[in-house]
Amino acid sequence: MRRLFVIATLALISTQVYAADSNFKKIDTVTYNNDQIHTYLHEQTDMTVKWVQNSDPKATFTLGVRTPTTDNTGVNHIIEHTVFTGSNKFPSSTLFFDANSNFPHTYMNASTAADYTMYPFQTPYEECFNGLLEVYLDSVLNPNMLTQPHSFYEESFYYDPDTKKYGGVVFNEMKGANSQIGRIIFRNIRNVIYEDTHYANDSGGQVNEIPTLTYKQFVDTYNNYYYPQNMMIALYGDLNIDKTLSIIDSYLTDYAENKPHDKETPPINVNVEPTLKYDNFTSTYNTGGESAYIIKSFVLPAHINETDMLELDLWLNTYLMDSTSDFKQNLLEAGIDSVEIFKDAELLRPIYSLIISQVAEEDIDNVKNILDAELDKLWNIEENVDLEQDTLQESKLTLAKDDISQDRGLDICHSIVASWVHEKDDLIYYKIKEYLQNIDDIDEEIGKELLQTADQVNLQVLPQKIPDAEVNPLTQSSVEPDRWPDLVASMRAWQNMYSDKVLEPTKLNNMVLGTDLKPKTSTKDNIKFTVYDTQTELLSTEIYLQTSHIPQPDLPYLFLYSYCLSEASKEITPFEGVLKSKIVALENEKNYTPYLKVEILTTQGINQQQILEKSQEILMNKDEEWFKLQLDKIVGEFYGNFQNDIIGTLSQLTNGAQSGYKRYIYEAHYPFYTFILNCKNDVCMDYISQTKNMTNRILPRAGSSIAVIGEKKEAQATLKEWKEYCQTNKLEKFDDKEYDFVTISKDSVYYKTGQVDYLLYNYDTKKDYVEAIDYLIAAYATKNYLQPEIRIKKGAYGSGMQVKFPNTISIYTYRDPHYKSSIDIIADMADMLELSDIEEKLRMAKSEALCDFQTQFGVLGNDLKKASILHAINLMGVDKKYIKHTQKEIVKIDAKDLEKEITNVETIVNDSKKGVCIKK
């Protein structure tokens, strides 16, 4: 069943209570289970700080600013970028990247919405938390961008007369973002319903209007919005609150004493009513698609009770979005198979929109009539108790899953800040969770009435027949053309200025972490059985079913079986858990082993074998119509990834030029897509029977592995059941095959409607697995060459070098204004990579490499993630000691080691398989 919302949950153990700093007045403390939410008010500036106190070591900080979007220049977005290009205390033009490298963290970012800007970070290390806290506060409150324009041009828009290219990080970012159909639909909904309000403006910026922004407008906007009463801070986790509040106080006190400040100035009110000028509206899009989008939006009343909105969510999930609901089934019978709900809740009057995609223009009226008729039926639909219970049980499983999420602190802080911005209950996160935990029935009358009485707006978004005429940004810019040479020269000089070290080094030895999980493994009939004892209410089983006995011509049926098994599992009722299936291939000493990986997640006390068996039974009973629907969904998802996950797509495509496990994974990508197209065109007449037949061919066999992750007693009992299952269903006879795939000899190129390029180099190290020096070289090259030359000087949205276990090093550019010049820059990297001041640069590279490694191996994640990674590397023949050993090696490497090994950069560049996505 498809779910519309995600609800996060509470942490585990409360920690000691700290006293507030003297300049903060404690307002109140509210307790929800093991979270204590303390509210403080800074008496000099009236800024509010909230702290969610618990034992979670992943301390989180989020600063929010109310920033309503008054035009389409992207000014708030540009401010969000530019504050991190140097501050009073940290005068480095690359401050964000310096901090990113210097302080290991689990999250560090900033984002701009229509009416607020948010600056969050998360780290489990106290030293890093305090360091990032100062960087964020000084950047937001004391940015150097107010006294020099260079960073403004770098991040917004500029024209380089030498290269005759347009730069500006936000300018190029939005070229890519504004060509994504999901964003286009979102903007259309807000534009129509909230026309003539700040919600109709694009907070990211419209490409044609970003160049019109002047430096004065930029500075004025910052001064209008960035004052303490118009900001608030949310904190989360096991913090030394005295020290944290003391640091915050030092910046706020300095602000009050040294800047124009009127304590009586209120925060900006961002809440506005929708104008609702139209009942029906037609617009166009130009992303290369050929189909229309039909949208029916429901605008709810103002100040709606949040628990009533939850009831609406539950009702929608049950009666509209559940794959077995009458609404969904009737639409399928009418040939409408792509229906989504978009929820826009951060508004005075929230909007729920039903979106039907892939509609032929000649079918628009018919689809509208069918949709209206099915909605009319909903108002009189009878209660379906079983379906409602499925919705509730799945929602409660989501609660338990989110309870151990690494992102819990970020989610809670985001909720608190967003609620403050919109003047809603800032503890609604907890109240919704508490409400959902305690209900045992959905009040369908609440949801039905809210939707039925809402204001309705009908939109249709059609493909544009004639492309827009290209606009020369120079004609839009407020800068006279003859000023660009001097402006760019000054900006380049500012970018190249070397400053003394601005960030204190971190003690990396204290940040080397291993894993305390101790698996217990046994083997029977050459099948591995493992228990991972974790403290969680959930129970997770991972089944790696070896598939090397499937002949090469039959692999497409295996891949389709994997997809269909996951889809069939969504129809199990009553709901008991979530089953996901995917194709994997793991490298090992012999080369690689392919598997069908099945993951089953439930609460305790559920028979997980029955979930697998029921999924298989449902799949076996499906007819041709159902399989045709799956083919359409696969094509749609593939197209969506091509449009939205471009670097991921390039990674898959370049795997086709590799060998081993990478080439196998490629087979499950583009060749599988072409197979699906053939099935749709009736070229593969027996694909249904062949796919169903996989149920009897993919069974536990020698070389398979099953791991159960959960509380020890429950996990052991479940593993015993899986052993019995394997004994009963074991594949006794099989013959492993040798695969002989054709290797793609050319670079991978595909075209996409848009205004920016994407570039990927995919390099195989030929090692058993990557080493510490590989992570260090990648971090060093990113910080000291790729980011300065491509991200900063060219204005690409992103560029870097990444290491992916077991043996991949990649180089990428993201939303690049011109990929060919980036190829030249990357080709010169080995010769141009600067090794002066190597000790300081090495120190920062070590910090970033350590952070990247820990993220990849889930060192700071929850036990489910840690156990999953340990299970996978065990199948690859890698001892878990590798995780801690590699971190120690990263810290230990010296400058001589780096100078010796960095010569490999030339090999990495020259021997990589390249992929490029080029704008049409």
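Scanning segment 258-296 for residues that are of a type outside the set (D, E) and farther than 23 Å from T69 by Cβ yields a total of 14. For I248, state whether it is β-branched (V, I, T), at pLDDT below 95 and either assigned to a helix (DSSP H, G or I) or surrounded by fewer than 19 Cβ atoms within 10 Å (Cβ to Cβ) (or both). Considered against the rule, which asks whether it is β-branched (V, I, T), at pLDDT below 95 and either assigned to a helix (DSSP H, G or I) or surrounded by fewer than 19 Cβ atoms within 10 Å (Cβ to Cβ) (or both), I248 comes out as no. Which one is surrounded by the most Cβ atoms within 10 Å (Cβ to Cβ) among residues in segment 484-526 that are hydrophobic (A, V, I, L, M, F, W, C) and in a loop (DSSP other than H, G, I, E, B)? Among those residues, the one meeting the criterion is L503.
Every condition in (1) out of contact with any Leu (no Cβ under 9 Å at 6 or more places or on another chain); (2) at pLDDT 95 or above; (3) crowded, with 23+ Cβ neighbours inside 10 Å holds for Y194 except the one numbered (1). Residue pairs whose Cβ atoms lie under 6 Å apart, sitting 6 or more positions apart in sequence or on different chains, and linking a residue in segment 515-532 that is farther than 24 Å from Q856 by Cα to a partner that is modelled with pLDDT under 95 and surrounded by fewer than 19 Cβ atoms within 10 Å (Cβ to Cβ), do not occur here. For segment 377-399, residues that are touching a residue at least 60 places away in the same chain (Cβ under 8 Å), in contact with an Asp or Glu (Cβ under 8 Å, 6 or more places away or on another chain) and in a helix (DSSP H, G or I) total 6.
Kindly establish whether A373 is of a type in the set (A, V, I, L, M, F, W, C), in a helix (DSSP H, G or I) and free of Cβ contacts under 8 Å to residues at least 60 places away in the same chain. So A373 fits the description; yes. Residues in segment 473-508 that are at pLDDT 90 or above and more than 27 Å from N88 (Cα to Cα): 12 in all.
Checking the conditions here, which among D202, D254, D220, D196 is of a type outside the set (A, V, I, L, M, F, W, C) and either over 23 Å from N72 (Cα atoms) or in contact with a strand residue (DSSP E or B) (Cβ under 8 Å, 6 or more places away or on another chain) (or both)?
D254
crowded, with 23+ Cβ neighbours inside 10 Å and of a type outside the set (A, V, I, L, M, F, W, C): does that describe S111? No. Does D632 satisfy being at pLDDT 95 or above, charged (D, E, K, R) and on the phi < 0 side of the Ramachandran plot? Against the criterion (at pLDDT 95 or above, charged (D, E, K, R) and on the phi < 0 side of the Ramachandran plot), D632 does not qualify. Would you please name the residue that is surrounded by the fewest Cβ atoms within 10 Å (Cβ to Cβ), looking only at residues in segment 872-901 that are assigned to a loop (DSSP other than H, G, I, E, B) and in contact with a strand residue (DSSP E or B) (Cβ under 6 Å, 6 or more places away or on another chain)? Within segment 872-901, the match that is surrounded by the fewest Cβ atoms within 10 Å (Cβ to Cβ) is G877.
Residues in segment 319-362 that are part of a strand (DSSP E or B) and among the aromatic types (F, W, Y) were compared, and the one that is nearest to the chain's Cα centre (by Cα) is F342.
A single entry from N678, N655, N641 fulfils the requirement of being in contact with a Cys (Cβ under 9 Å, 6 or more places away or on another chain) and among the polar types (S, T, N, Q): N678. Restricting attention to segment 208-248, the residues that are touching a Cys at 6+ places or on another chain (Cβ under 8 Å) and within 30 Å of V170 (Cα to Cα) total 2.
Going by the conditions given, is V756 modelled with pLDDT under 95 and out of contact with any helix residue (DSSP H, G or I) (no Cβ under 8 Å at 6 or more places or on another chain)?
no
Within segment 400-420, residues that are in contact (Cβ under 8 Å) with a residue 40 or more places away in the chain and more than 19 Å from T48 (Cβ to Cβ) sit with their Cβ atoms under 9 Å from residues that are among the hydroxyl-bearing types (S, T, Y) and part of a helix (DSSP H, G or I), at 6+ positions apart or across chains, in these pairs: D411/Y429.
Mind listing whichever residues of segment 271-310 are of a type in the set (S, T, N, Q) and either closer than 26 Å to K448 by Cβ or part of a loop (DSSP other than H, G, I, E, B) (or both)?
Taking segment 271-310 as the starting set, the residues that turn out to be of a type in the set (S, T, N, Q) are 271, 275, 280, 282-284, 286-287, 291, 297, 305, 307.
Once the filter is applied, which keeps residues that are of a type in the set (S, T, N, Q) and either closer than 26 Å to K448 by Cβ or part of a loop (DSSP other than H, G, I, E, B) (or both), segment 271-310 yields N271, T275, N280, N286, T287, S291, S297, N305, T307.
When S405, S415 are checked against the criterion of being within 24 Å of the chain's Cα centre (by Cα) and crowded, with 20+ Cβ neighbours inside 10 Å, a single residue qualifies: S415. Evaluate segment 199-207: report whether one residue or more is surrounded by fewer than 22 Cβ atoms within 10 Å (Cβ to Cβ), in contact (Cβ under 8 Å) with a residue 12 or more places away in the chain and within 25 Å of S353 (Cβ to Cβ). Within segment 199-207, one or more residues are surrounded by fewer than 22 Cβ atoms within 10 Å (Cβ to Cβ), in contact (Cβ under 8 Å) with a residue 12 or more places away in the chain and within 25 Å of S353 (Cβ to Cβ). The set of residues from segment 178-213 being part of a helix (DSSP H, G or I), among the β-branched types (V, I, T) and within 24 Å of P463 (Cβ to Cβ) comprises I181, I184, I185, I189, V192, I193. Would you pick out the residues in segment 268-308 that are of a type in the set (A, V, I, L, M, F, W, C), over 22 Å from R183 (Cβ atoms) and modelled with pLDDT of 95 or more? Passing the criteria: I268, L276, L300. Taking into account only those residues within segment 782-800 that are without any contact (Cβ under 8 Å) to a residue 40 or more places away in the chain and surrounded by 23 or more Cβ atoms within 10 Å (Cβ to Cβ), which is nearest to D879 (Cα to Cα)? The qualifying residue nearest to D879 (Cα to Cα) is S799. Based on this model, can you work out whether D313 counts as buried (at least 20 other Cβ atoms within 10 Å of the Cβ) and touching a Lys or Arg at 6+ places or on another chain (Cβ under 7 Å)? Judged against the criteria, D313 is not a match.
Evaluating K175 against the criteria (1) in a loop (DSSP other than H, G, I, E, B); (2) closer than 20 Å to Y758 by Cα leaves one unmet condition, (1).
The values are calculated or read from the model by the stated rules, or taken from the named source; none is laboratory data. Since this is a predicted model, take the numbers as computed values, not measurements. Cβ coordinates were reconstructed from backbone atoms using ideal geometry, including for glycine residues, and neighbour counts include every protein chain displayed.
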